[in-house]
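Asker: So that we are looking at the same thing, I have put the structure below in structure tokens.
The values are calculated or read from the model by the stated rules, or taken from the named source; none is laboratory data. If you're wondering where the values come from, they're calculated on a predicted model, not measured in any experiment. Positions of Cβ are generated from backbone atoms using ideal geometry, with glycine treated the same way; all protein chains shown enter the neighbour counts.
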Amino acid sequence: MNTLNIMNRSFLLILACASGVILTPSCSKSSKTVSETTGWSYNDPKWGGYEKVDNKGQETGPNLVLVEGGTFTMGLSQEDVMYEWNAVPRRVTVTSFYMDETEVSNREYRFYTEWLGRTFGGTYPEVLVDALPDTLVWLDELSYNEPMAEQYFRYPSYDDYPVVGVSHVQATEFCKWRTDRVNETRLIRQGVLNPNLEQKDQDNFNTGAYLVGQYEGNVRKNVKDLSTGESRPVRIEDGILLPGYRLPTEAEWEYAAYALKGNLIPGDENISSGRTYSWSGNTVRYQKRDKYQGAILANFKKGSGDYMGIAGKLNDNAAGPGPVRAYLPNDFGLYNMSGNVNEWVMDVYRPMTSSALRDEENHDLNPFRGSKFTKMVKDEDGRPVEKDSMGRLRYEFYTKEELANRTNVRTNDATNFRDGDEFSEVTYDTDVHTLISNKSRVYKGGSWADRAYWLSPGTRRFMDEDQTSRAIGFRCAMNRLGGATGNNTPDGNTFQVKSKRPVRR
């Protein structure tokens, strides 16, 4: 039989399998998944080894809670007593995402700094120095806080307390590091890699570098490549590696704090525009008639000089920060979204953001200020250039020429997009016209040192991204990939309707 006849028969067999006209062992769907558009067999070396993973959905990373997305009214849910008009209510939608159950603790941040010291300390000691919290945030000219400055971050009694004195820049770096450690752990538990305690300098596990072949590690057993019959490293398509940890956006943080779910009790206050705090009721005290009735629900400053009440009847039981799992979690299972410490979010601060975008239909899904559009740096052959001294891939901004013909974005840095400059000759130049700059970052939630007003999730303040405070910590977030509900069902409504056969008249 000549080659042309063989090709014709193979083509007819493919068409027959795709159309369902015949079903022979060579195109059976019982053991092989078949392409819906071509009839070509997946996961079969005889058909090229094109792979289709039987994915059960994104797994939940360590300490994360799935926050099912939805619509809510973002902004103040109480009177704007500060008259700042920087959180005008507007209706937005946030897609599903993951949020840390707790604020990042001293113990977990110490793990981070100790890892940096072991990996980079010999060659790049400045990497560890730059990551250490600023413990001097505890000092006060007219207060005796030196013990907190000396002991809070390291003494084991404070292990489970939130880390403070961490800047926005440092928190962002922690998120990047955490991404790599979690994905490295997943590869170890999958039997792909062995633990490697000898990682030094550039030769440390980085998710991006691993995916492009610039990190191999201590391989135990790679996965089988069905197209070649050999083995290969894990790819994104395998569904093993998780997306990156990051700081939550302001919209995500606020949505998660309010925790407005569809099964709320009837009559919950401000149900149409948001709760006052991150729990039901417009009071800071526990309202149910049981042994906890009247207990303070968050860690905050009740009044002038009152941080925790009187001895024998302490109200919130914490003069400074409290443990990250103290007090009741909200309806999403998140602790201390109101009180304990303020928390950094990703957004660059602008007072005009909410009002300028209030009527913009294109910016009411996952709103965020601070987008910077970058790409991986590649050589002339299209391959990623050598990773940097910390083992990370290199990125650069898209050029204006590359974005010129796009209809969705026209700039590689949207920090200043519609921030009010177009209505005035005044620009956001720090120490010239305003204290606000492109380094100004939002923090939210209220703290042990704040009055109850700041515990409302809609309130917002800002500080430069390289500054620190004894009242600001952070927690991480992660994108949710795939179905919104987390029960391994895809997006969209599905219906199973039994059709009746038409009656012939």
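Asker: For segment 128-163, how many residues meet the condition of being over 18 Å from residue 468 (Cβ atoms) and in contact with a Ser or Thr (Cβ under 9 Å, 6 or more places away or on another chain)?
Answerer: Here the count works out to 2.
Asker: So, in segment 401-439, how many residues would count as being modelled with pLDDT of 90 or more, surrounded by 12 or more Cβ atoms within 10 Å (Cβ to Cβ) and over 27 Å from the mean Cα position of the chain (by Cα)?
Answerer: So the answer is 1.
Asker: Could I ask something else about it? Test residue 333 against the criterion of being surrounded by fewer than 16 Cβ atoms within 10 Å (Cβ to Cβ), within 21 Å of residue 275 (Cα to Cα) and either modelled with pLDDT of 95 or more or in contact with a helix residue (DSSP H, G or I) (Cβ under 8 Å, 6 or more places away or on another chain) (or both), and give yes or no.
Answerer: Yes, satisfied.
Asker: Name the residue that is farthest from residue 378 (Cα to Cα), counting only residues in segment 181-224 that are of a type in the set (D, E, K, R) and not in a loop (DSSP other than H, G, I, E, B).
Answerer: 189
Asker: I've got another one for you. What number of residues in segment 294-322 are aliphatic (A, V, I, L, M), loosely packed, with under 13 Cβ neighbours inside 10 Å and either part of a loop (DSSP other than H, G, I, E, B) or touching a residue at least 40 places away in the same chain (Cβ under 8 Å) (or both)?
Answerer: 1
Asker: Still on this structure, please answer the following. If residue 57 passes every condition in (1) more than 30 Å from residue 246 (Cα to Cα); (2) not assigned by TED's automatic domain parsing to the domain that holds residue 346 but one, which one does it miss?
Answerer: Answer for residue 57: the failing condition is (1).
Asker: Taking segment 300-347 as the region of interest, how many residues are on the phi > 0 side of the Ramachandran plot and within 26 Å of the chain's Cα centre (by Cα)?
Answerer: Residues that pass the stated criteria total 5.
Asker: Let me ask something additional. So, in segment 336-354, of the ones that are of a type in the set (A, V, I, L, M) and farther than 14 Å from residue 474 by Cα, which residue ends up modelled with the highest pLDDT?
Answerer: The residue in question is 348.
Asker: State which residue is nearest to residue 106 (Cα to Cα) when the search covers only segment 137-184 and only residues that are among the small types (Gly, Ala, Ser) and either in contact (Cβ under 8 Å) with a residue 24 or more places away in the chain or touching a Lys or Arg at 6+ places or on another chain (Cβ under 6 Å) (or both).
Answerer: Only one residue fits best here, namely 165.
Asker: Within segment 66-121, take every residue that is under 22 Å from the mean Cα position of the chain (by Cα), in a loop (DSSP other than H, G, I, E, B) and of a type in the set (Ser, Thr, Tyr) and give me the one that is surrounded by the fewest Cβ atoms within 10 Å (Cβ to Cβ).
Answerer: Across segment 66-121, the extreme among qualifying residues is 95.
Asker: Take the residues of segment 252-293 that are in a loop (DSSP other than H, G, I, E, B), touching a Leu at 6+ places or on another chain (Cβ under 9 Å) and among the aliphatic types (A, V, I, L, M): which is modelled with the lowest pLDDT?
Answerer: 271
Asker: Mind checking whether some residue in segment 162-173 is over 15 Å from residue 390 (Cβ atoms), loosely packed, with under 14 Cβ neighbours inside 10 Å and not polar (S, T, N, Q)?
Answerer: no
Asker: Within segment 440-447, is even one residue surrounded by fewer than 20 Cβ atoms within 10 Å (Cβ to Cβ), touching a Lys or Arg at 6+ places or on another chain (Cβ under 9 Å), in a loop (DSSP other than H, G, I, E, B) and in contact (Cβ under 8 Å) with a residue 40 or more places away in the chain?
Answerer: No, the conditions are met nowhere in segment 440-447.
Asker: Take residue 477 and tell me if it is within 19 Å of the chain's Cα centre (by Cα) and modelled with pLDDT under 90.
Answerer: No, not satisfied.
Asker: Further question: Starting from residues that are acidic (Asp, Glu) and surrounded by 18 or more Cβ atoms within 10 Å (Cβ to Cβ), keep the ones in segment 226-259 and report whichever is farthest from residue 215 (Cα to Cα).
Answerer: 254
Asker: If I filter segment 388-400 for residues that are at pLDDT below 95 and among the charged types (D, E, K, R), do I get at least one hit?
Answerer: yes
Asker: With 9, 91 as the choices, which residue is at pLDDT 50 or above and of a type in the set (D, E, K, R)?
Answerer: Going through 9, 91 in turn, the sole match is 91.
Asker: Can you tell me how many residues within segment 225-251 are outside any strand (DSSP E or B) and under 16 Å from residue 479 (Cα atoms)?
Answerer: Qualifying residue count, segment 225-251: 12.
Asker: Turning to a different aspect of this structure: Quick one: which of 178, 186 is among the charged types (D, E, K, R), crowded, with 21+ Cβ neighbours inside 10 Å and at pLDDT 95 or above?
Answerer: 178
Asker: Right, something else. Confirm whether residue 212 is among the β-branched types (Val, Ile, Thr) and buried (at least 18 other Cβ atoms within 10 Å of the Cβ).
Answerer: no
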